[in-house]
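A short worksheet on the structure shown next.
Coordinate-derived values only; no laboratory data. Note that the structure is a prediction, hence the values are computed from the model and not measured. Positions of Cβ are generated from backbone atoms using ideal geometry, with glycine treated the same way; all protein chains shown enter the neighbour counts.
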Amino acid sequence: MFDAPHSHVLSCIAGHARHNPDKVALVEGNQRITRGQLITNIEAAASYLTSIGIKPGERIVLSARKELEFVYLYFAAQLLGIVNVVVNPTSPSDRLDYILKITNPIAVIGLNHSAGSYRCIQFDDVKLNSSNRGESSCVWPKVSADDVADIMFTTGTTGAPKGVCLSHANLSGSASNINGFIGNNDEDIEALGLPLSHSFGLGRLRCVLMAGGTMVLVGNFANLKAFFTILEKEHVTGFGMVPAVWQYIKRLSGTRIAKFSNQLHYIEVGSAALPIEDKRLLMDLFPKTRLCIHYGLTEASRAVFSELHLNAENLESIGKPVSSHVEVCILDENGAPVPDGTDGELCICGNMVMKSYLLPDDNVEAFYDRWFRTGDWGHRDSAGYFYLTGRKKELINMGGEKVSPATIEDAILSLGIPDCACVAIPDPYGVLGEVPKAYLQRSSNTLSIEEIKQRLTQLLPTHEIPVQYEWVDSIPRSSSGKIQRLKLKN
Amino acid sequence: MENKVKAIIARVLNVDLEVITDGLCSGDIPEWDSVGNLAIISTLEQELEIEFPLEDLFDLTSVQSIVDEVNQLMHV
């Protein structure tokens, strides 16, 4: 069995398998994979990657399908020091083209995308056969904990995705922080409805396997009936969700989920703000469950946590740093600390803060010295609790999915509208948190709003199409030409 | 009506019409996630001028169940 001193996550997974190889680690549909089988399959996947000539330090693009093969390949690459570029299986082709261009992978696995010089492999083609299995005598390459393990992509304010380089130490540090806060252990059985292409979902996978628990892979939350059946059948003890999923659960099923209250030991919520009334409702429905609300970014995963029952008097707060390995401070526009109670930019340093962005240009204003700049505004009170009050970055947070207004504006401009600007407005249906509204400059263009909406369906994913439109005489811009979105919002 | 409902689902999810089979369930394909499901519900309500009863939403888990519900609401 492998040893992976560079990755505490992998070391723990292997350690659990040594201790009790027959305990189930993964469930997908009717397949139940024990810890021992997980290790065997990770080693087989590592042998496969080696057999096709992929070397440590090289990059593979991995489609984050909720399948066992993804899990094996993901950890196999980390075992070998191969860099995972994890992408959403439904990424639009232009986003994917850009990611492929800037990451220059050796292979693309699990996607129908064969436009470059890389090798294109389907999950079905990945051979985890007996000749690849159980190669415990393999000499695995030496990998450093500071080497890049994953490159995850986030939405940049200009519309171009930003590659976030996370080291093995970052991933292990983050998982240790989270498990320490939530209290994950080897008795946990978690249902994973979150996407694996996001930091939150992939992080849950690492946390549960590192703790020695069982992860049940669920397609997503769309089919709540199926999700509830899995909670019952698998005796699930915890799950993670974004606030939009909570709104979805409420809308489609009312409070039926409360019947699982006694069996759910924890629920982690994050990636967007959860309204206070929903925090109170969750506390009422789950009086004995640890309700762990996180604040974080892909670049600085789950930096701050609040457990609602323990912070019942402080529900407006996002909480305190997740562990003693993480520091959060409030800095002014010159990078200087501000007194408690004064608004400034939330800045983070700690064991899970990314090494850097992939492209040098993205790093220019990313840090104040050792402090990662989140772009979010808020303050700290005298008791050390942090509060969010605004966002400097202009992304629209739709149910945890961040969308750059520039992407939507480019699509609208391509229709011949002379100028436009998109801003976030509260979702009128109260589900997604924020949705886009478009301001359009009047002109001789004869397109109606309905025609614009219709044409945008060809250019944008459904959820990115603005829900409200307003004609204006001009779009407010600064002297340097930058859109002044706050003026539109006000 | 069945074909119209399937065409709307395919358009909202941005997948080929052949993918939208009777037995396809929400969550079976990455495109049909919770946001996609809400988009299907609201688009069908707007374009067909119907309103799904709240108590029925939990059970609308497949293409067939959605088609059946639309037929019932439109008295087809």
Report summary line: With label points set 7 Å from each Cα along the Cα-to-Cβ direction at A:A312 and A:D94, the distance between them in nm comes to 5.1
Query - Relative contact order (%) - chain A, alpha-carbon pairs under 8 angstrom, separation at least six - result: 11
Query raised in the report: How much FRET efficiency would the formula 1/(1 + (r/R0)^6) give for A:E277 and A:R18, where r is the Cβ-Cβ distance and R0 is 35 Å, rounded to 0.05?
Result: 0.15
Requested in this report: Mind checking segment B:10-76 for GluC sites (Glu not before Pro) that DSSP puts in a loop (not H, G, I, E or B) and that have at most 16 other Cβ atoms within 10 Å?
Outcome: B:E49, B:E51
Query raised in the report: Once the Cβ-Cβ distance between B:D16 and A:K259 is put in as r, and R0 is 22 Å, what FRET efficiency do you end up with, to the nearest 0.05?
Result: 0.05
Report summary line: Exposure proxy check on A:W471, A:W371: fewest-to-most Cβ neighbours within 10 Å is A:W471, A:W371
Query raised in the report: Listed highest first by mean packing, meaning other Cβ atoms within 10 Å per residue, what order do A:423-435, A:331-343 come in?
Result: A:423-435, A:331-343
Query - Estimated distance in nm for a label pair at A:Q454 and B:Q64, the labels positioned 7 Å out from Cα along Cα-to-Cβ - result: 3.5
Report summary line: Checked the protein assembly as shown against the a/c 1.5 cut and the a/b vs b/c comparison, axes a ≥ b ≥ c from its Cα gyration tensor; verdict rounded
Query raised in the report: Listing A:F2, A:F70 from the residue with the fewest other Cβ atoms within 10 Å to the one with the most, what is the order?
Result: A:F2, A:F70
Query - Ranked packing of A:119-125, A:279-285, A:459-465, most packed first, by mean Cβ within 10 Å - result: A:459-465, A:279-285, A:119-125
Query raised in the report: Given +1 on the Cβ of Lys and Arg, -1 on the Cβ of Asp and Glu, and no further charges, what dipole in debye does chain B carry about its Cα centre, rounded to the nearest 20?
Result: 200
Query raised in the report: Based on the Cβ-Cβ distance of A:V467 and B:E49, what FRET efficiency does E = 1/(1 + (r/R0)^6) give at R0 = 22 Å, to the nearest 0.05?
Result: 0.70
Report summary line: Two pseudo-spin positions, 7 Å from Cα along C-beta at A:H235 and at A:D343, lie apart in nanometres by 5.0
Query raised in the report: Order of A:198-207, A:30-39, A:177-186 by packing, highest average Cβ count within 10 Å first?
Result: A:198-207, A:177-186, A:30-39
Query - Extension gain, A:S443 back to A:R119 (0.36 nm per residue minus Cα-Cα distance, nm) - result: 111.8 nm
Query raised in the report: Pairs A:K225/A:K259; A:K162/A:K487; A:K233/A:K259: which exceed 20 Å Cα-Cα?
Result: A:K162/A:K487
Report summary line: Checked against a 24 Å limit on the C-alpha separation, the offending pairs among A:K127/A:K402; A:K55/A:K355; A:K23/A:K250; A:K437/A:K482; A:K23/A:K279; A:K288/A:K320 are A:K127/A:K402; A:K23/A:K250; A:K23/A:K279
